[in-house]
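**Student:** Okay, here's the structure, questions in a sec.
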Amino acid sequence: MKIDYAFVVFLYAYINQIDLSLDRSRWESIDNLRNFYKNQISPKNIVAYLMNRLNLEVEKVDNLIFLKEESFWVRIKDSLLSSFKKNIFLEQDNVYFLCNRLLLLNQFLEKDMQVHRLELEKLRIDFSKLNFDILMLKLTKKDRLRAYRVEHFLQHTSVNTLSISEFSKNYFKN
């Protein structure tokens, strides 16, 4: 599936924010994480955008439970060509998997229920794999370094971070 490069940079930053926030939430109540995400872009908004933009089938989002890893050669090619790309190609299954995980996160954030720490950790690992195994090599080093500085839950006050809105380029409003 062909996706605009700027949107992939946003996705990378957003998934990095999720990864860092879920990691930091281990030491806090999930209610504090929910409060943090009340002022952030909702995961369901990103799913809706992807579904509409890429004409995804709703039924497939619920059925896909695995991440398809890209081959070594595709990763090398993506890394070498990252500075020349305007569009990024992602496997359809990986986009469905991303939507599935975002909807699960949204469910954890919106429902007033207790979530087991292992469930959150599994979700964090899935997002981490998406970012570092699939998206990272598709981006330039400059964009990756910028995305590493995204704001997140329980960030240290002395760390200089960037708001997620700096990456969204008007795709979404908080």
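**Student:** Could you pull out the pairs from 44/138; 141/169; 38/129; 38/141; 44/111; 138/169 whose alpha carbons sit more than 21 Å apart here?
**Tutor:** Result: 44/138; 38/129; 38/141 exceed 21 Å.
**Student:** What number, rounded to the nearest 500 deg cm²/dmol, is the helix-based mean residue ellipticity at 222 nm of the chain, given -39500 (n - 2.57) per DSSP H run of at least four residues and division by all its residues?
**Tutor:** Computed mean residue ellipticity for the chain: -17500 deg cm²/dmol.
**Student:** Report the one residue of 114, 127, 139 whose Cα lies farthest in the direction of the positive end of the charge dipole of the range 108-147 (charges on C-beta: Lys and Arg +1, Asp and Glu -1; origin at the Cα centre).
**Tutor:** In the range 108-147, that residue is 139.
**Student:** Using r as the Cβ-Cβ distance of residue 5 and residue 44, and R0 as 22 Å, what FRET efficiency do you calculate, to the nearest 0.05?
**Tutor:** Here the calculated transfer efficiency is 0.40.
**Student:** Angle check, please: helix 43-54 long axis (alpha carbons) against the longest principal axis of the chain (alpha carbons), in degrees 0 to 90, nearest 10.
**Tutor:** 20
**Student:** Considering only C-alpha atoms, what is the centroid distance from the range 43-62 to the range 91-167, in Å?
**Tutor:** A separation of 17 Å, based on Cα centres.
**Student:** Which of the following values of Cα extents along the principal axes in Å was calculated from the structure shown: (1) 42, 42, 30; (2) 155, 36, 30; (3) 72, 38, 21?
**Tutor:** (1)
**Student:** Another one. Setting aside same-chain residues fewer than 8 positions from residue 2, which aspartates and glutamates have a Cα under 12 Å from its Cα?
**Tutor:** Answer for residue 2, where 12 Å is the Cα cut-off: 91, listed by chain and number.
**Student:** From Cα pairs below 8 angstrom and at least 6 apart in sequence, can you work out the relative contact order of the chain, rounded to a whole percent?
**Tutor:** Result for the chain is 45 percent.
Only the coordinates and a few stated rules stand behind these numbers; no lab work does. The model shown is predicted, which means the values in this text are computed figures rather than measured ones. So basically every Cβ, Gly included, is an ideal-geometry build from the backbone, and we count neighbours across all protein chains shown.
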